[in-house]
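To start, the structure itself, in structure tokens.
Bear in mind that the values in this text are calculations on the coordinates, not laboratory data. Predicted model, so just to flag it, every value in this text is computed and none were measured. Cβ sites come from the backbone with ideal geometry, for glycine too, and all protein chains shown count toward neighbours.
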Amino acid sequence: MPGPSDPGFDTLALHAGAAPDPSTGARAVPIHLTTSFVFESSEHAASLFNMERSGHVYTRISNPTNAVLEERVAALEGGAGAIATASGQAALHLAIATLAGAGAHIVASSALYGGSHNLLHYTLARFGIATTFVKPGDIDGWRSAIRPATRLLFGETLGNPGLDVLDIPTVAGIAHEHGLPLLVDSTFTTPWLMKPFDHGADLLFHSATKFLSGHGTVIGGVLVDSGQFDWHAAHARHGHFGELAQPYDGFHGMVFSEESTVGAFLLRARREGLRDFGACMSPHTAWLILQGLETLPLRMARHVENTRKVVQFLVAHPMVEQVGYPELESHPDHALAKRLLPRGCGSVFSFDLRGSRAQGVAFIEALKLFSHLANVGDCRSLVIHPASTTHFRMDDAALAQAGIGAGTIRLSIGLEDADDLIDDLKRALKAAERAGA
Amino acid sequence: MELAVATPGNAAPAYAYTGGKAFDAALPCIVFVHGALNDHSVWTLLARWFAHHGHGVLAVDLPGHGRSGGAPLASVEALADWLLALLDAAGVQRAALVGHSMGSLIALEAAARAPARASRLVMIGTAYPMKVSEALLTTARDAPLRAIDMVNVFSHSGIAAKPSYPGPGAWLLGSSRALMRRVQAGGTGVNLFHHDFSVCDRYAGGLEAAAKLQCPASLILGAHDQMTNPRQARALADALKARVHSVAAGHALMSEAPDAVLAALRDALA
């Protein structure tokens, strides 16, 4: 039977969670730069604190501008709700801290953003949370790494630095067999390229600093819950997640999975994690990210279009040894990418320049349009040479272990005219060639 | 809390959310009954408020839904008997019966079957008869996930209801769909969506039940409700001599307008 459907992606990107302001008629989302919200009465105050009513109390916990961003990202992802955080790192920490404490264990992909790897490998270990890293394509490795103390499986939709495509349906299946959720970092793909919840992921987060914001202006993160994982059932079967399925003395003895069948995770993350760790987002930041989200579909289409042109140029250039982009048949995850990422594989990728580290440096320094900096997902094109920057302390053998060559260059393709980007790359490749002569 | 409720066709333990406080049968009791493919969690803000303002609260999961076991019961009449048996199990002689959508029909029928046990009847997002189109029933039978998406959109009046439910940051269309999918998946061997909508569609005893009622009745209706249009509740309101509250919301009015529903419910139960 034909019938109504949810609004489409482009409509949600503009409207989800926001209506004209009822008190002023303002059409754009107002920036509610206020720390706190006046109570109507003492009874109203008590009922807000006791979760008898929905509403805002203090901006660290929630804010009307942030709430629009949270609802909008949840809508675009097909989730049940979201929490805006101070950064992508804060979103990852909030997810983990909500589900795991000292003695807990995480199984994570080894192909992670360096900051995520640091958090898991060094920092959380200091707080008693251990992580086993497995190669994202090692399906048996995911399964065999799970221990009784495991509480979470975690990977990136497109891994760092080689753009390994996470086989979300398979890894989610393994997680669910063991009564565990799968968390994914969707920063590189955004919901325009892939909706991980449709493939079985349970939780996801973004560094909204990147494509969601899209303009390289603010730091922020968003943690999204699909509402699909049954915390109550997992607790009943495996004893996991008492944090959500048992009374919590830190919040009125609340059993979060009773309060909300599909929103328990976000309730605890907000009522404990934001309250106590405090890594909240500024409403001004939320507003800027909302500005970016409104054009996400347009920008992502152009990012991918430009990237394909640049990739084709690089593949054919004699100074380029190889290009690591999953749309190329040469990429080990090409088939998986065709299945999970039919709209494209994003605009961040690496390629290997023939020659020495010095030639890599010469290449970078000859670029004019590409900005040399440590970020991705800007509307402007960006470049970095890991061997001379982020990984400069490593010798060539250690670099190889990390999947990075002396001539590996990472690009983040922006929204400029593709011909201008290619001209810039041509000039820099020539400079690299001369540096090796 | 878990209750041992035994009725013909169902002897499985029943679950009722008690509003974040231990249930006290000595307090004035309110029983909340959810609608098709929902569970107790559609009531939690209201249930918490009343539980912390002098009431004993039971927000039930109907048989085969959420945390209540057993097979789903096949008619509004059987569900009304189950609800009265649940009151027995909880040690409650008399209660205000509050239902949403399918649950409102169950509350009505229970109040009619045991008029002395109903102190108030509140029907939220209701209509009578609650007929379901043949096309939707067929989709519910053959493609329940598609039917869930359709009903989800029909049930919401917009995409920006504030302050959201159960709190800021919740995306109502997403959380409502996730809940329906969860409840549907829990119906082992049963297509609960088709079952529940068939139960609504078949119920024919509404006006007879209204005639038996002895307690005050109220209707709380969503002004923009496309599932149970307020016009379709007029005959029932007349038969019940009910007070009618209109709330600016669609069918999912407890989540789209939680404060307005609380205000109307406080008035209805006063």
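What the table shows:
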| read-out | value |
| --- | --- |
| Chain B: most fluctuating residue of B:VAL190, B:VAL199, B:VAL151 per GNM, C-alpha cutoff 10 Å | B:VAL190 |
| Proxy reagent accessibility, fewest Cβ within 10 Å first, across B:LYS162, A:LYS338 | A:LYS338, B:LYS162 |
| Sites A:HIS284 and A:GLU305 - FRET efficiency at Förster radius 35 Å, r taken between beta-carbons, to 0.05 | 0.65 |
| Test item: A:70-79 mean partner chain Cβ contacts at 10 Å | 5 |
| For A:MET254, distant residues with modelled amide H under 5 Å away | A:TYR248 |
| Cut-off 15 Å between beta-carbons: net charge of the residues surrounding A:THR132, Lys and Arg +1, Asp and Glu -1 | +2 |
| Sorted by Cβ density within 10 Å, fewest first, the residues B:VAL31, A:VAL255 | A:VAL255, B:VAL31 |
| The protein assembly as shown - charge dipole about Cα centre, Lys and Arg +1 at Cβ, Asp and Glu -1, debye rounded to 20 | 520 |
| Unit charges on C-beta of K, R, D, E only; dipole of chain B, Debye | 340 |
| Global geometry of chain A, whether rounded, prolate or oblate, following the gyration tensor of its Cα atoms and the 1.5 cut on a/c | prolate |
| Rounded FRET efficiency, nearest 0.05, which uses the C-beta distance separating A:VAL361 from A:ALA46 and R0 of 45 Å | 0.10 |
| Spin-label proximity, A:LYS135 to region A:308-338 - amide N less than 14 Å from point 7 Å beyond Cα toward beta carbon | A:332-333 |
| Under-5 Å amide H pairs with A:LEU353, H placed in peptide plane, nonlocal only | A:GLU321, A:GLY407, A:THR408, A:ILE409 |
| Spin-label pair A:SER23/B:ARG146, simplified geometry with 7 Å Cα→Cβ offset, distance in nm | 4.6 |
| Computed magnitude of the charge dipole of region A:297-435 (debye, nearest 20; Cβ of K, R +1, Cβ of D, E -1) | 160 |
| Exposure proxy ranking, count of Cβ atoms within 10 Å, fewest first, for A:THR11, B:THR18 | A:THR11, B:THR18 |
